[in-house]
Structure formats: C-alpha cells, structure tokens
Amino acid sequence: MIVALAFHEQIAMEKLNQYFSAHEATGESRAINCPRCSLGFAMVLVNRENKNNAKYIEDLQVQIGDDCINGIHRDEYTLTTAASPEE
C-alpha cells in the first residue's frame, strides 16, 4: 500500500496536480528536502489522518538521502507499507 510519494522539485507542480486530480482529497502535501544535498521535493501523504505520517516523512527522507549521488536524484520516490486496519 502506498503511503507517501515525493516528487523532484523540477516536476513537483505537474505531479501534484496530476495526483490530486486523480485521487480523493484525503491526502496532504508538504515540502521536504534531501538530508544530504538539501534538494527540495514535494511530498504527498496519501492519508492526512494516518497516525504514522511522521514516521513516513522520516522514512521517505532517508530513502531520498540514501539515493543521493552528489545531488542527483530520481524524479519520484514512493514509500509503501503493509496495509493495517488503522490506515
């Protein structure tokens, strides 16, 4: 189950518009940065009411940082987790 997404700053607005036009308004977006190079990303928390969102933000930042190669990143990152009743 996808719980969070992050989009590279160069494509963020287009991807956010696509995401929110195709999905219910239960998500939330926010800005995050790569912990290594500070490059900006637009992050989407799929369910703004999920009690695990703080952990998802941290996990996605770790994923982005681990993938950083001298400031070069993929365009999109996806964080998934096993579905649970509270999600």
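The values are calculated or read from the model by the stated rules, or taken from the named source; none is laboratory data. These numbers were taken from a predicted model, which means no experiment stands behind them. No Cβ is skipped: glycine too gets one built from the backbone with ideal geometry, and neighbour counts run over all protein chains shown.
Could you go through region 3-14 and let me know if any residue there is more than 25 Å from G71 (Cα to Cα), loosely packed, with under 15 Cβ neighbours inside 10 Å and at pLDDT below 95. No, the conditions are met nowhere in region 3-14.
With respect to the stated conditions, S21 fails to be modelled with pLDDT under 95 and either at positive phi or surrounded by 15 or more Cβ atoms within 10 Å (Cβ to Cβ) (or both).
The residues of region 15-53 that are out of contact with any Gly (no Cβ under 7 Å at 6 or more places or on another chain) and either under 20 Å from C68 (Cα atoms) or among the basic types (K, R) (or both), listed by number, are K15, R30, I32, S38, G40, F41, A42, M43, K51.
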